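Data first, discussion second: the structure below is written as structure tokens.
Bear in mind that the values in this text are calculations on the coordinates, not laboratory data. Quick caveat: nothing in here was measured; it's all calculated off a predicted structure. Reconstructed Cβ throughout: ideal geometry from the backbone, glycine too, with neighbour counts over all protein chains shown.
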Amino acid sequence: MKNIAISDAKKIAEKVGLTHVVIYGYNGFNEWICTYGKTTKQCDEAAKAGNWFKKQLGWKKHLSDKPSRVKQIEAENKALREFVEKVVSPVCQFKNGEKCPHLENEEWGCKDCYREEGKNLLSKLGKGGEA
């Protein structure tokens, strides 16, 4: 038995001109749900529709997962939010909360004096630790 491949759902979407595809398969013994969305948002919407079908069919909750593309975007967004909360601030953190003399932009904060953890996060994001 083979699973229904996402690439098969993508081929259907492209052939028919769809943005969302939800496929249900049954072979007399096993059931499959495969979803595809053209964009990450559409991928998430198709997955929600697939999860609705799974719920109606009585599938266990752990079988209803987010698409990997959506998980990746959420992880990247979380890292960026942490960066903004911890590093990009109009108050430089190295001088007891006083404004830094290097402060160039009141909205985004100090370009020259952000904390070491910010440099580390920027390196992880592929920015080489430079603002």
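Each residue in 66, 61, 71 was given a count of other beta-carbon atoms within 10 angstrom of its own, and listing them fewest first yields 61, 71, 66. Just report the Cα centroid separation between the stretch 19-34 and the stretch 52-85, whole Å. After rounding, the separation between the Cα centres reads 20 Å. Ordered by the count of other Cβ atoms within 10 Å of each Cβ, fewest first, 57, 18 give 57, 18.
Electrostatic bookkeeping for residue 10 treats Lys and Arg as +1 and Asp and Glu as -1; over the other residues with beta carbon under 13 Å from its beta carbon, the sum is +2.
Taking 0.36 nm per residue of separation and subtracting the Cα-Cα distance, full extension of the segment from residue 80 to residue 55 would add 5.7 nm.
Legend: ranking of residues 69, 81 from fewest to most surrounding C-beta atoms inside 10 Å; resulting order 81, 69.
Pairs with C-alpha atoms separated by more than 19 Å, drawn from the list 41/61; 15/38; 41/71, are 41/61.
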